[in-house]
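Scroll down for the structure; my scribbles are underneath it.
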Amino acid sequence: MSNLHIVKHPLVENKVSMLRNKETGSKEFREIVEEIAMLLCYEATRNTPVTEVEIESPLGKFNVNMVEKKFGVVPILRAGLGMLEGMLKLIPTAKVGHIGLYRDPKTLEPVEYYCKLPVDAEDREIFLIDPMLATGGTSIAAIQFLKEKGVKNIKLLCLITCPEGVEHVQKEHPDVEIYTAAHDEKLNDHGYIIPGLGDAGDRLFGTK
Ligand code: URA
């Protein structure tokens, strides 16, 4: 599981525990998801190359390091939207795409119903955000769409993963690094992560 990065930090663990609690309401849930997304983004950008540039500070000219790399953030609709603001707080110059997929009731295959990406997506490092990596089917399809549009550099950021989903993504897209705030035990028969946090979209938006 070399390209699975589990962000181990007491604050991250505490925030995930708050999400797991069914008493946590939508407002607080959204705020915590945003905070965790910021911390995941921080880790996922750790090895970003920097370029030395000269700047003039109030005390004179100095060489400093700046990030020149261009990023894109692509939430998978709808639960991925909950992580978007946190990502943009850390990388406000990122362009944003959206991917919407549904599962065909007959074939059970993910089908794209919406896909809008930055025009220069292929020149950007793309952070695909999908809170719950359950079976992995949706993420795999979204990564495939991104690759078909020419995107070469993709990282998948999740709140919670499970062994089944990670193995599936790694099998289909071994080049994609996965960052997660928690790696849970298993999937249940209904495709929910155990212990997980329930339906991330419903908890974010207060739906059922
Ligand atoms: N999607 C969710 O929102 N939760 C799960 O546990 C699995 C998939």
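Taking 0.36 nm per residue of separation and subtracting the Cα-Cα distance, full extension of the segment from Ser17 to Lys149 would add 43.8 nm.
Extension gain for Tyr192-Lys61 works out to 41.6 nm (0.36 nm per residue, less the C-alpha to C-alpha distance). The angle between the Cα long axis of helix 81-90 and the main principal axis of the chain comes to about 20°, on a 0 to 90 degree scale. According to the Cα-based calculation, Rg over Rh for the stretch 1-157 is 1.03, with Rh computed by the Kirkwood formula.
Hey, for a label at Glu85 modelled as a point 7 Å past Cα toward Cβ, could you say which residues of the stretch 170-208 have their backbone N under 19 Å away? Residues 200-207 fall inside that zone.
Taking each pair of different alpha-carbon atoms in the stretch 1-75 once, compute 1/r for the pair, average those values, and report the inverse of that mean as the Kirkwood hydrodynamic radius in Å to one decimal.
15.6
Working note: Karplus 6.51/-1.76/1.60 with θ = phi - 60° gives the stretch 149-154 the couplings 8, x, 6, 10, 10, 10 Hz, where Gly and Pro are set to x. Using 7 Å Cα-to-Cβ label points, what is the Glu54/Thr107 separation (nm, one decimal)? The two pseudo-label positions are separated by 5.9 nm. FRET efficiency for Ile6 and Lys116, Cβ-Cβ distance as r, R0 = 41 Å, nearest 0.05? Once rounded, the FRET efficiency stands at 0.85.
Normalised by the number of residues in the chain, the average gap of Cα pairs under 8 Å and 6 or more apart makes the relative contact order 24 percent.
Determine the alpha carbon to alpha carbon distance for each of Lys27/Lys116; Lys69/Lys89; Lys69/Lys149; Lys106/Lys149 and list only those over 22 Å. Write out the running numbers ahead of the final one.
On the way: Lys27/Lys116 28 Å; Lys69/Lys89 16 Å; Lys69/Lys149 19 Å; Lys106/Lys149 27 Å.
From the list (Lys27/Lys116; Lys69/Lys89; Lys69/Lys149; Lys106/Lys149), the Cα-Cα distance tops 22 Å for Lys27/Lys116; Lys106/Lys149.
Taking only Cα atoms and a 10 Å spring cutoff, compute GNM fluctuations for the chain and point out the largest among Thr107, Thr48, Thr138. Highest fluctuation of the listed residues: Thr107. The calculated FRET efficiency for Thr24 paired with Glu185, based on their beta-carbon distance and R0 = 25 Å, is about 0.75. For Val74, the amide hydrogen comes within under 5 Å of the amide hydrogens of Gly97, Phe127, Leu128, Ile129, counting only partners 5 or more places away or on other chains and with H modelled in the peptide plane. A Förster distance of 22 Å, applied to the separation of the beta-carbon atoms of Asn47 and Lys70, puts the FRET efficiency at 0.90. In order along the stretch 121-131, phi translates into HN-Hα couplings of 3, 5, 8, 10, 7, 9, 9, 8, 10, 8, x Hz, rounded to whole numbers, per the Karplus curve 6.51 cos²θ - 1.76 cosθ + 1.60 with θ = phi - 60° and x for Gly and Pro. Percent antiparallel among DSSP beta bridges with both residues in the chain, to the nearest 5? Percent antiparallel among DSSP bridges in the chain is about 40.
Rounded to the nearest whole Hz, the Karplus-based 3J(HN,Hα) values (6.51 cos²θ - 1.76 cosθ + 1.60, θ = phi - 60°) of the stretch 58-74 follow the sequence x, 10, x, 8, 9, 8, 10, 9, 10, 8, 9, 4, 9, 10, x, 10, 10, with x at glycine and proline.
Computed from the coordinates by the stated procedures, all read-outs in this text should not be read as laboratory data. Please read these numbers as outputs of a predicted model, since none were measured by experiment. Here Cβ is always computed from backbone atoms with ideal geometry, including for glycine, and neighbour counts include all displayed protein chains.
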